[in-house]
Amino acid sequence: MQINDSSGSTDSGLLGALRPGRLRDHYLFRNLRSSLRLYLSDRLTVVFLAGFVLVLLAAVFGPMIAPYPPDKVFITSSGEILKLAHPSGEHLLGTTARGQDVFSRLLIGARPTLFTGLLGGFLVVLIGVTIGVSAGYYGGRVDDVLMRLTDFVFGIPLIPTAIVLAAYFGVGTWSTILVIGCLLWRNNARVFRSQVLQIREREHVRAAQMLGASDRYVITRHILPNLGGMIVLFFALGTGLTIIISASLSFLGFADLSLPSWGLMLRNAYNSGYMASAWWWSLTSGFAISLTVLCIFMLGRGYERVHETNVSEF
Amino acid sequence: MSQLYYYARRTVVSILLIFAIATFLFFAFRFMPGDYATLLLQQGASPEQVAKVRQMWGLDQPLYVQYFKWLSNMAQGNAGMSRQFNEPVLEVVLPALRNSLIVALPGVLVAFVLGSLYGALMGSRPNSLLEKYGIIPPNIVGTTPDFFIGILLLTVFSAWLGWFPSGSIASVDTLTSTSGWGIYLTSDFWYHYTLPFLTVVIKYMYYPTLVMRGSVVEVRNQEFATYQRLLGLGKWRRFRHIMKHASLPVVTVLPAVTATSISGLVLIEIVFNWPGIGQLLLTSVFARDTPVIQFMFLLIAAWIVIGNFIVDIAYTIIDPRITIEGE
């Protein structure tokens, strides 16, 4: 991929691309365009992309487009709280045991859920890539130490640890994300390492090293671009897993109870005792989590497929 | 020789790893804010009483003394006393562990068998609708939080259809009339067992399905498969051959998945009110029952390390071509 950009001048990186005339022809953008075309050629991917965009829209505009304020308690004409109303034109997904509109709460819940997931996914990939690439590229003692660390982290059971930490140190959104991020990277660090072990033997890497390129240059220009597909895939997986795990923690009550995420919604429905009768309340939030994670996973897989095709074309 | 050296090294590393985790757990829990004694204090005990409790548990001694005492106790199979039940930790944890394993192990095994079969079926039908779209159901299951699968099953089979009970391990009558292992022999137990078991099966089918599908796709393009087709071997015979060759990756991940399943079971146990280690963990956390939590973590961690160890060894046995690290 780098070969395309053979101008060889010092400003051939992203900075050079910022010059207006060259922006369109920069290899990154050319790649992006053709990748996108390839990406969207698969009909299933388009479906999942649409689903994800829908969730994204709900996360960004949710509070604005929600039909009612999420905490508003509805009262019937006879003066009682409108508890567990069936779905109707007025309340698309009925009401909760407290008489709140489920659909509005579902829309509002998209933001904290997605935000937690994306941030967790970012953290997971950041740590995983750093550790995996360092171990694979430098080898030797660095590799040994980092891989034993990974082994060690593999021995830490994720959900129990998160429960204990939340119980002893108190709960908060940030700490939950931090705990998840600091444990989940173990899944991808090993994969990144083994990839780097292969990539660093390639001729273009060897050539760059022989020409005296610094480690930083080789890693950022020759190693990381070749990990692109995998980074996106693991970002997607990390995001999805973070959403699932933080929903699990919310369900157990180890979450910021003021943040109306979908996991918390599920907990409220389960604890209310009306789980079975008020399916529009308990099942919708669960399916919202499930389908969101599905879309994210499948988009990641789709991207990996495109990336592989791209690479093999060269 | 080198193979033996590798096994020996791997064994030593695993044991050291468990030891390191145990030590880490010991100190980590000592540095956690708030132990059982402070909880007593919050509940209105006088400082003198708390000091007495601390002395009784040996919490007033220096950390390194506590550590070596704990080490020597562990070496003798004494994991300490549970604070909340006032019983030896082992007697608290083991029955719960038994209840968890009886769901987790058969559940994961059945999931692997069914998942591999489905995955193989998908992989062995090139260009069929099944190959293209059959992957969606396992993916949906794989991206659903496990406790939500449980909630779904409870809603449908317990609340709507009324076929199964809504939780717990057995009815009160059975619980009072049996003790120890006897409970597993009652039909009432198995009646309660069905839904949690199904949840585990559904949850863990995802992984073997994906792995098997990929593996079968790879194997069916190998020469022996073509050769067998040319020979005119029956469809079923060929399928069996392909299954045999393709199952290696699935078999090798089985120990690791079994190992992690035990911690993934926490949520399922909560949903079904199942008295396993997940529930015990939660009550212990709320009671700040450190010895119990610490021991459970050690068990889970040791389980995972041993699982990974088995995988590494299995790899070298199944495929001797795998290069052994450090050579």
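Observations, loosely collected:
- Alpha-carbon Debye profile of chain B, log10 I(q)/I(0) at 0.07, 0.09 Å⁻¹: -0.41, -0.64
- GNM top mover of B:M81, B:M296, B:M32 - chain B, alpha-carbon springs below 10 Å: B:M32
- Note, ³J(HN,Hα) from phi for segment A:48-53, Karplus 6.51, -1.76, 1.60, rounded to Hz, x at Gly and Pro: 5, 4, 4, x, 5, 4
- By the rule of a C-alpha distance below 29 Å, with chain neighbours fewer than 8 residues away ignored, the lysines paired with A:K72 are A:K83.
- Calculated on alpha-carbon atoms, Rg and Dmax of segment A:148-257 in Å: 18.2, 57
- Cα extents of the protein assembly as shown along the three principal axes, largest first (Å): 77, 75, 63
- Each part reduced to its alpha carbon centroid, segment B:105-157 and segment A:229-266 end up 22 Å apart.
- Summarising the label geometry, the points placed 7 Å from Cα in the beta-carbon direction at B:R98 and A:L257 lie 3.7 nm from one another.
- Length released on extending from B:E223 to B:W190, taking residue separation times 0.36 nm less the Cα-Cα span: 7.2 nm
- Length released on extending from A:E203 to A:C182, taking residue separation times 0.36 nm less the Cα-Cα span: 4.1 nm
- Long-range HN-HN contacts of B:M81 with modeled amide H, under 5 Å: B:V89
- D by Stokes-Einstein for segment B:206-327, Kirkwood Rh over Cα pairs, 10 °C, 1.306 mPa s: 90 µm²/s.
- Whole-Hz ³J(HN,Hα) from phi, Karplus 6.51 cos²θ - 1.76 cosθ + 1.60, for segment A:205-219, glycine and proline x: 6, 4, 4, 4, 5, 5, 6, x, 5, 6, 4, 4, 5, 4, 5
- Estimated Rh, segment A:103-312: Kirkwood, alpha-carbon pairs, angstrom: 18.6 Å
- Partner shielding of A:286-294 amounts to 5, given as the average count of beta-carbon atoms from other chains within 10 Å of each residue beta-carbon.
- Convex hull volume of the Cα atoms of segment A:40-79, normalised per residue: 88 Å³.
- Of all complete DSSP H helices in chain B, those with a Cα span along the helix axis of 30 Å or greater and a mean Kyte-Doolittle hydropathy of 0.0 or more are B:2-31, B:89-123, B:187-220, B:248-272, B:290-318.
- For segment A:256-261, 3J(HN,Hα) computed residue by residue from phi via the Karplus equation (6.51, -1.76, 1.60; θ = phi - 60°) reads 5, 6, 8, 8, x, 6 Hz, glycine and proline entered as x.
- Under-25-angstrom lysine pairs by C-alpha in chain B, whenever the two are 8 or more apart or on separate chains: 6
- Gyration tensor (alpha-carbon) shape descriptor, segment A:257-303, a/c threshold 1.5: oblate
Readers should treat all values here as calculations from the given coordinates under stated rules, not as data from a laboratory. What you are looking at is a predicted structure, and each value in this text was computed from that prediction instead of being measured. With ideal geometry, Cβ positions are generated from the backbone for all residues, glycine too; neighbour counts draw on all protein chains shown.
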